[in-house]
Amino acid sequence: MAKVNFTAARVSGHSCPEGKSQAFIWDSKSPGLGLRATAAGAKSYVFQGKIQGKTVRVTIGDPRSWMIEQAQEEARRLQRLIDAGVDPRTEREERVATEALRRAELVRQEVTVREVWKVYLAARKAKWSERHYLDHEHLADPGGRNVKRGKGQIVAGPLAELMPLLLSELTRERVDGWLEAEVAKRPARTRLAFSLLRAFVSWCNGRPEYTGMASLDICTNKQLKEHLPKPQTKGDCLQREQLPAWFAAVRDLQNPVISTYLQALLITGARREEMAALKWNDVDFQWRSLSISDKVEESGRVIPLTPYIAHLLSVLPRRNEWVFSSPAAADGKIAEPRIAHNQALAEAGLPHLTLHGLRRSFGTLTEWIECPTGIVAQIMGHKPSAIAEKHYRRRPLDLLRMWHDKIETWILEQAGIDTMQ
């Protein structure tokens, strides 16, 4: 091929003749250096050489960005690679890959806890209950917004302080200081927050993109756990003599959906999430049964639909697929009935009682009629506590219904509710 001495004029004047797709001129000073011009008017320096008898061509760059001397030096470098038996194309690919890894590591080191927290929640949401998912959102909530009802602002969750940190800054020392401060203000919420944080860190270290960033010492260090107070067993429970006041206040609530929901929690002993997730196609009025999405059993459980609860459900509005619907909720079902329940408790002059306390109340009140514990456990969805229960007891719905109807009748009698009216 003909070679010329590359000058600024020759580089500037080189063009592709009409009728051709590309044209080359080759430098006489640097072996393999060429200038390519295309029919579209684009120009670029190229290097061409032979390795193992095969011609290889590598683009160096645009003449507007590369001075002639720079292009000549790059061509010499590429020729030296060929002389050493290295394919310039492979060398370039490796450099590009190395740079990509470097940039990815920079991005990785700059990711915040909040950014990864969002990825974590999206990845795990399908495996969690709605309550567990909401706990993650609330505990990391930055707060500062006005509450929807009443006055005041939403208080930041215990984890909010950690969210702006880089994930690489989530160290044992940093968490140690955070934990000590939060426990002094809200020990119970901080205990839950720390439990969620440890699960989050463990998940991060199981993902290639986050491995080694957050310290695993957060999950294993015993000194951190020493900050936490010992968990206290909750004992909130309705007493028999409190049933009239509780039912009167709850039945007097203006929202019939929440009123029915609270009564259903007490009379069925179901978990709050299980009852909130009840759909109309889970209710069988003909054969008097409720299909509950059980927290423990993946297949769920079927419990009796007692007469009083059946009556309450039958008059609820059917706005959508959910039995306990809420037009204001994003997913169409009630999400936070505690406000109304607390108002009812205050109206009745009763001590604080959680929604889970209603479930505890059901289990306790059944002892007044000496209901078999296995019956109660199966209705409530507790795991079998003995070999016989686990492998040899499969009570039919009719047997559960006989006892459940007795439980409901006794509770309503104690509450002073005449179901015949």
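The values are calculated or read from the model by the stated rules, or taken from the named source; none is laboratory data. Small disclaimer: the values here were computed from a predicted structure and weren't measured. All Cβ positions, glycine included, derive from the backbone under ideal geometry; neighbour counts span all protein chains shown.
Going through Glu367, Glu413, Glu389, Glu347 one at a time, which residue ends up being at pLDDT below 90 and not in a loop (DSSP other than H, G, I, E, B)? It would help to see each step written out before you state the result.
Numbers: Glu367 fails: at pLDDT below 90; Glu413 fails: at pLDDT below 90; Glu347 fails: at pLDDT below 90.
Glu389 is the lone residue from the list that is at pLDDT below 90 and not in a loop (DSSP other than H, G, I, E, B).
For the stretch 63-133, give me every one of the helices (runs of 4 or more DSSP H) that falls completely inside it and has 1 or more residues that are over 30 Å from Val11 (Cβ atoms) and at pLDDT 90 or above.
Where helices (runs of 4 or more DSSP H) fall fully within the stretch 63-133 and carry at least 1 residues being over 30 Å from Val11 (Cβ atoms) and at pLDDT 90 or above, they are 113-124.
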| Qualifying residue in the stretch 197-212 (condition: surrounded by fewer than 16 Cβ atoms within 10 Å (Cβ to Cβ), within 25 Å of Ala277 (Cβ to Cβ) and touching a His at 6+ places or on another chain (Cβ under 9 Å)) | no
_Being surrounded by 14 or more Cβ atoms within 10 Å (Cβ to Cβ) and of a type in the set (Lys, Arg) is the requirement here; does Arg319 meet it?_
no
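Okay, residues lined up against (1) modelled with pLDDT under 95; (2) of a type in the set (Ser, Thr, Tyr); (3) in a loop (DSSP other than H, G, I, E, B):
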{"residue": "Glu241", "(1), (2), (3)": "no, no, no"}
{"residue": "Glu298", "(1), (2), (3)": "yes, no, yes"}
{"residue": "Ile309", "(1), (2), (3)": "no, no, no"}
{"residue": "Leu316", "(1), (2), (3)": "no, no, yes"}
{"residue": "Ala328", "(1), (2), (3)": "yes, no, yes"}
{"residue": "Ala335", "(1), (2), (3)": "yes, no, yes"}
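Please indicate, with yes or no, whether at least one residue in the stretch 204-211 is assigned to a loop (DSSP other than H, G, I, E, B), touching a Leu at 6+ places or on another chain (Cβ under 7 Å) and farther than 22 Å from Leu139 by Cβ.
As a first pass, look at the stretch 204-211 and keep what is assigned to a loop (DSSP other than H, G, I, E, B): 205-211.
Of the ones still in play, those that are also touching a Leu at 6+ places or on another chain (Cβ under 7 Å) are 205, 210.
Now drop any that are not farther than 22 Å from Leu139 by Cβ, which leaves none.
No - not one qualifying residue is present in the stretch 204-211.
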Considering the stretch 166-191, residues that are surrounded by fewer than 17 Cβ atoms within 10 Å (Cβ to Cβ) and of a type in the set (A, V, I, L, M), and then whichever is farthest from the chain's Cα centre (by Cα), we arrive at Ala184
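Identify the residue in the stretch 139-164 that is among the aliphatic types (A, V, I, L, M) and either surrounded by fewer than 17 Cβ atoms within 10 Å (Cβ to Cβ) or touching a residue at least 60 places away in the same chain (Cβ under 8 Å) (or both) and, among all such residues, is nearest to Val116 (Cα to Cα). First the steps, then the outcome.
Filtering the stretch 139-164 down to residues among the aliphatic types (A, V, I, L, M) leaves 139-140, 147, 154-156, 159-160, 162-163.
With the extra rule that they be either surrounded by fewer than 17 Cβ atoms within 10 Å (Cβ to Cβ) or touching a residue at least 60 places away in the same chain (Cβ under 8 Å) (or both), the set shrinks to 147, 154-156.
Details: Val147: 27, Ile154: 23, Val155: 22, Ala156: 19 Å.
Within the stretch 139-164, the match that is nearest to Val116 (Cα to Cα) is Ala156.
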Going through the stretch 213-224 in order, the residues found to be part of a helix (DSSP H, G or I) and either within 24 Å of the chain's Cα centre (by Cα) or crowded, with 16+ Cβ neighbours inside 10 Å (or both) are Asp217, Ile218, Cys219, Thr220, Leu224
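Here's the yes/no breakdown for (1) hydrophobic (A, V, I, L, M, F, W, C); (2) in contact (Cβ under 8 Å) with a residue 40 or more places away in the chain; (3) in contact with a Cys (Cβ under 8 Å, 6 or more places away or on another chain):
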position	(1), (2), (3)
Arg301	no, yes, no
Leu345	yes, yes, no
Pro351	no, yes, no
Gly357	no, yes, yes
Per the list (1) farther than 25 Å from Trp322 by Cβ; (2) within 29 Å of the chain's Cα centre (by Cα); (3) not assigned by TED's automatic domain parsing to the domain that holds Gly177, residue check on Leu265 breaks on (1)
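Only one of Gly49, Gly41 is assigned to a loop (DSSP other than H, G, I, E, B), modelled with pLDDT of 90 or more and within 55 Å of the chain's Cα centre (by Cα); which? Talk me through it step by step, then tell me what you get.
Details: Gly49 fails: assigned to a loop (DSSP other than H, G, I, E, B).
After ruling out the rest, the residue left standing is Gly41.
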Of the listed residues (Ala199, Ala245, Ala193, Ala249), the one being touching a Pro at 6+ places or on another chain (Cβ under 6 Å), among the hydrophobic types (A, V, I, L, M, F, W, C) and part of a helix (DSSP H, G or I) is Ala193
Note on the stretch 268-286: residues surrounded by fewer than 21 Cβ atoms within 10 Å (Cβ to Cβ) and either under 21 Å from Ile417 (Cα atoms) or free of Cβ contacts under 8 Å to residues at least 12 places away in the same chain (or both) are Gln286
Within the stretch 137-181, of all residues that are assigned to a loop (DSSP other than H, G, I, E, B) and charged (D, E, K, R), the one modelled with the lowest pLDDT is Arg149
Taking first residues from the stretch 247-259 that are in contact (Cβ under 8 Å) with a residue 12 or more places away in the chain and second residues anywhere that are among the aromatic types (Phe, Trp, Tyr), the pairs with Cβ under 8 Å that are 6 or more apart or on different chains are Val257/Phe324; Ile258/Phe324
